[in-house]
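Below: the structure, in structure tokens.
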Amino acid sequence: MAVATQRPHAKEHLPRRRSVSQICPPPRRPMTLAEVYPGGENERLGVVRESMLQNHLINKPELGKPRRSCYTLPGYDFNYGLYLHGTDGGVPEAIGHWNTIKPRAPSAKDRGRDYKTMNRRAIQEGYVTAHEQNLYRQLKDIRLNDNDERRFKKTPPKVPPDMTYGRPARPSTPLFDLLQHKYQEIWMEQQRATIRAQKEEKKQKKRKGKVYETYTCLLRKFQPPMKTEQLWRMPHFQKVGPHLCTFPDQDARKKALEVFHSEMPVRCGPLATGIYTAA
């Protein structure tokens, strides 16, 4: 009885990944004499030199192909840029370890002179003049202490462990609120509340019964008093009384004069006997 033998599955060929040079190929290299074929765009008759194919003024573009570069470039195994030979382990060492450099103690030259101490000790020992103090500083050169705050320290300051450097991030834009016009609704609600408050305030003023008049309203109602000027009379007629009186009695005459004086501001004419005008 024949036993069916099962053949092993062939190894599945995965799609080959394209390299960066295939996705973004480098510019085409200058044409060589071996690539020139009869009938081509760059065919030359007579003496042909390599420099003719590297001159962009006479080099013709090929049909259906990108333009070639007329500059000689290094090979494909050439790396552009500055190559640094890493001696610190590279990126894996930097990620896995935190290699810090311990600060060195500053030298006496970097610390600077302590002039306050030198001046004080020079005076205590009796050196007062400028020349004596200069000689004393050359003899006893006192430098600042490491813990002195007058010297700029190169060591980094002590900061809290949870401190974040840089500028704070800008808060995210509320896109949902913008799309729903939420800010417009909030503004409209505020305006409605303001209008309701103004109406309630007006109602309360009306309930109190007080009407506030402005200065313009008072001036509109005010009637300036008119000076009563007597008609001119000759001196020898001033003490002579009237010969004719058309009023029935003295009270009627006073009432008529009061009405006349009250209408003087709104009537035309020098004697206020003309037509009425608007107040």
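The values are calculated or read from the model by the stated rules, or taken from the named source; none is laboratory data. What you are looking at is a predicted structure, and each value in this text was computed from that prediction instead of being measured. Here Cβ is always computed from backbone atoms with ideal geometry, including for glycine, and neighbour counts include all displayed protein chains. Each accessible area value is taken on the protein alone, full model and side chains, heavy atoms only, with ligands, DNA and RNA left out. Shrake-Rupley method; radii C 1.70, N 1.55, O 1.52, S 1.80 Å.
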- Applied in sequence order to segment 189-206, the curve 6.51 cos²θ - 1.76 cosθ + 1.60 (Karplus, θ = phi - 60°) yields integer Hz couplings, x standing for Gly and Pro, of 5, 5, 5, 5, 5, 5, 5, 4, 5, 5, 5, 5, 5, 5, 5, 5, 5, 5
- Given backbone amide H placed at 1.01 Å from N, residues whose amide H is under 5 Å from that of ARG143, ignoring those fewer than 5 places away on the same chain, are ASP114
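Please say if segment 162-279 is rounded, prolate or oblate, where rounded means a/c under 1.5 for a ≥ b ≥ c the square roots of the C-alpha gyration tensor eigenvalues, and otherwise the choice is prolate for a/b larger than b/c and oblate otherwise? The partial results should precede the final answer.
Numbers: a/c = 5.45, a/b = 3.90, b/c = 1.40.
Prolate shape, in that a/c is at least 1.5 and a/b is the bigger ratio.
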- Task: Give the accessible area for VAL128 in Å² (nearest 10); use a 1.4 Å probe, count only protein heavy atoms, and leave out ligands, DNA and RNA.
- Result: 110 Å²
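Could you work out the local net charge near TYR276, counting Lys and Arg as +1, Asp and Glu as -1, over the other residues with Cβ closer than 9 Å to its Cβ?
Numbers: positive: ARG267; negative: GLU263.
It works out to a net charge of 0.
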- Query: Could you give the length gained on full extension between ILE142 and ARG196, defined as 0.36 nm per residue of separation minus the Cα-Cα distance, in nm?
  - Reply: 11.5 nm
- Under a 1.4 Å probe, counting only protein heavy atoms, ASP141 has an accessible area in Å², nearest 10, of 70 Å²
- Ordered by residue, what ³J(HN,Hα) values in Hz, to whole numbers, does segment 213-222 give under the Karplus form 6.51 cos²θ - 1.76 cosθ + 1.60, where θ = phi - 60° and Gly and Pro are x? 9, 7, 5, 5, 5, 5, 5, 5, 8, 6
- Taking placed amide H atoms and a strict 5 Å upper bound, the residues 5 or more places from GLU41 or on another chain that come that close are none
- Item | Modelled label reach - GLU229, point 7 Å along Cα→Cβ, segment 236-279 residues with backbone N closer than 16 Å | 264-265, 268-274
- Task: Using a 1.4 angstrom probe on the protein heavy atoms only, line up CYS217, CYS70, CYS245 by accessible area, largest first.
- Result: CYS245, CYS217, CYS70
- Return the aspartates and glutamates within reach of LYS109: Cα separation strictly under 14 angstrom, same-chain partners fewer than 8 residues apart disregarded; answer none if there are no such residues. ASP141, ASP146
- Item | Proximal charge balance of PRO74 [Cβ under 15 Å; K/R count +1, D/E count -1] | +1
- Note on the structure: For ARG267, the residues 5 or more places away or on another chain with a placed amide H closer than 5 Å to its own amide H are THR277
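How much area per residue is accessible in segment 236-277 when the probe is 1.4 Å and only protein heavy atoms are counted (Å²)?
With the other protein chains kept in place, segment 236-277 gives 88 Å² per residue.
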- Task: Using the structure shown, select from LYS227/LYS254; LYS116/LYS158; LYS199/LYS221; LYS102/LYS158 the pairs with a Cα to Cα distance greater than 24 angstrom.
- Result: LYS116/LYS158; LYS199/LYS221
